[in-house]
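Student: A single structure is presented below for examination.
The values are calculated or read from the model by the stated rules, or taken from the named source; none is laboratory data. All values reported here derive from a predicted model rather than from experimental measurement. Cβ placement follows ideal geometry from the backbone for every residue including glycine, while neighbour counts extend to all protein chains displayed. Remember, those area values only see protein heavy atoms, side chains included, never the ligands or the DNA or RNA. Shrake-Rupley method; radii C 1.70, N 1.55, O 1.52, S 1.80 Å.
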Amino acid sequence: MSGRGSAPTPAGARRMPFATREFALRAVSGVVLAALVLAALLVGGWPFAAIWLAAGILGAGEWLVMSRTAPTRLLGIVTAAGLVGLCVALLARLPLPVAAAIAALAVAILAVAARGATGRLHAVLGFAAASVVVLVPTALREDPAIGLVGPAWIFAVVWSTDIAAYFAGRLLGGPKLMPRVSPNKTWSGAVGGLLAGTLAGLGVVLAAREGSPDLFGRLPLLAVALVSALASVLSQGGDLFESALKRRYGVKDSGHTIPGHGGIMDRLDGFFAVALLAGLALLARRLAAV
């Protein structure tokens, strides 16, 4: 049989939905980023914090550009300075009033510098969202009772949800989840992501029981599974919300920082939602200990 006769048919191509240059680029950049984040997680301290500080600053900048909030450069500088201050306050274990003062000063400057009521709202919301991305993973990592497990749980739930939803949706197809918001997402992908995220979150806690039985051994497995399921749903909800934002502002991607993935916001939409949940849980835990 000749080489021409053995060429894949269109039907064969449809059976290989991942054999594309875009998928390969997405996979390679995803693996590289995951390896970098996990290596920094093991080290902790400033190497780990620096990753999230950079992500928060870049993500906030993408938001200011996408939402056309002016003056973009000045607001970006103020946001970056405020995030650096909060990160330093966290790692230096400065008193909470100092961190609150840094945040309040940044918000006040943003509110004064931004143009119009909508611009002020966008600037402040962008700083608040970026603060969650910057502070929560590092705060979890720096907590002696939580350490590696907190960020690892977030990564496991979010990454497993994202990967499983992508593959299940592409392979199984079926009814669309929210076609007006994100036409490529399906119910099969949502269910696949939910199952994978729940199992991954449960697996991290089960593994953590060996290293820290006092804290994680007291957690009922049913509660862990339910919280992991909630986090998986929130992760997918964050993805859909960011898709709605991009449609609102008429852009395909929030930026072009990550090959195959788009911008930082595109990569951290689900992560932000789960980090917010984890941050609220961490805050409640610390308030209960007072």
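Student: Tell me whether segment 122-132 contains one or more residues that are over 20 Å from Leu280 (Cβ atoms) and modelled with pLDDT of 95 or more. I'd like the intermediate steps shown before the answer.
Tutor: Start the filter on segment 122-132 by keeping residues that are over 20 Å from Leu280 (Cβ atoms), which leaves 122-123.
So of that shortlist, the ones also modelled with pLDDT of 95 or more come out as 122-123.
Checked against the condition, which is being over 20 Å from Leu280 (Cβ atoms) and modelled with pLDDT of 95 or more, segment 122-132 yields at least one hit.
Matching residues to (1) touching a helix residue (DSSP H, G or I) at 6+ places or on another chain (Cβ under 6 Å); (2) in contact (Cβ under 8 Å) with a residue 24 or more places away in the chain; (3) open to solvent by 80 Å² or more (accessible area, probe 1.4 Å); (4) over 30 Å from Arg21 (Cα atoms):
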site	(1), (2), (3), (4)
Pro175	yes, no, yes, no
Val227	no, yes, no, yes
Gly263	yes, yes, no, no
Ala289	no, no, yes, yes
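Student: Exactly one condition in (1) at positive phi; (2) open to solvent by 30 Å² or more (accessible area, probe 1.4 Å) is false for Gly45; which is it?
Tutor: Here Gly45 clears every test but (2).
Student: A further question on this structure: Testing Glu242 on (1) open to solvent by 30 Å² or more (accessible area, probe 1.4 Å); (2) in a helix (DSSP H, G or I), one condition comes back false. Which one is that?
Tutor: For Glu242, the exception is condition (1).
Student: Looking at segment 134-157, which of the residues that are open to solvent by 10 Å² or more (accessible area, probe 1.4 Å) and either of a type in the set (Val, Ile, Thr) or touching a strand residue (DSSP E or B) at 6+ places or on another chain (Cβ under 8 Å) (or both) is modelled with the lowest pLDDT?
Tutor: Out of the qualifying residues, it is Ile146.
Student: Turning to a different aspect of this structure: How many residues does segment 96-149 contain that are in a helix (DSSP H, G or I), farther than 19 Å from Ser254 by Cβ and without any contact (Cβ under 8 Å) to a residue 40 or more places away in the chain?
Tutor: Here is the first cut: in segment 96-149, the ones in a helix (DSSP H, G or I) are 96-113, 116-142, 149.
If we keep only those that are farther than 19 Å from Ser254 by Cβ as well, we get 96-113, 116-117, 120, 135-142, 149.
Remaining after also requiring without any contact (Cβ under 8 Å) to a residue 40 or more places away in the chain: 96-112, 116-117, 120.
Within segment 96-149, residues that are in a helix (DSSP H, G or I), farther than 19 Å from Ser254 by Cβ and without any contact (Cβ under 8 Å) to a residue 40 or more places away in the chain number 20.
Student: On to the next question. Considering only segment 278-285, I want to know if a residue exists there that is assigned to a helix (DSSP H, G or I), in contact with a strand residue (DSSP E or B) (Cβ under 8 Å, 6 or more places away or on another chain), at negative phi and open to solvent by 20 Å² or more (accessible area, probe 1.4 Å).
Tutor: Residues of segment 278-285 assigned to a helix (DSSP H, G or I): 278-285.
Filter again for in contact with a strand residue (DSSP E or B) (Cβ under 8 Å, 6 or more places away or on another chain), leaving none.
Looking through segment 278-285, none of the residues is assigned to a helix (DSSP H, G or I), in contact with a strand residue (DSSP E or B) (Cβ under 8 Å, 6 or more places away or on another chain), at negative phi and open to solvent by 20 Å² or more (accessible area, probe 1.4 Å).
Student: Go through segment 72-107 and give me each residue that's of a type outside the set (Gly, Ala, Ser) and open to solvent by less than 30 Å² (accessible area, probe 1.4 Å). Quick ask: steps written out before the conclusion?
Tutor: Narrowing segment 72-107 to residues of a type outside the set (Gly, Ala, Ser): 72-75, 77-79, 83-84, 86-88, 90-91, 93-98, 102, 105, 107.
Leu75, Val78, Thr79, Leu83, Leu86, Cys87, listed by residue number.
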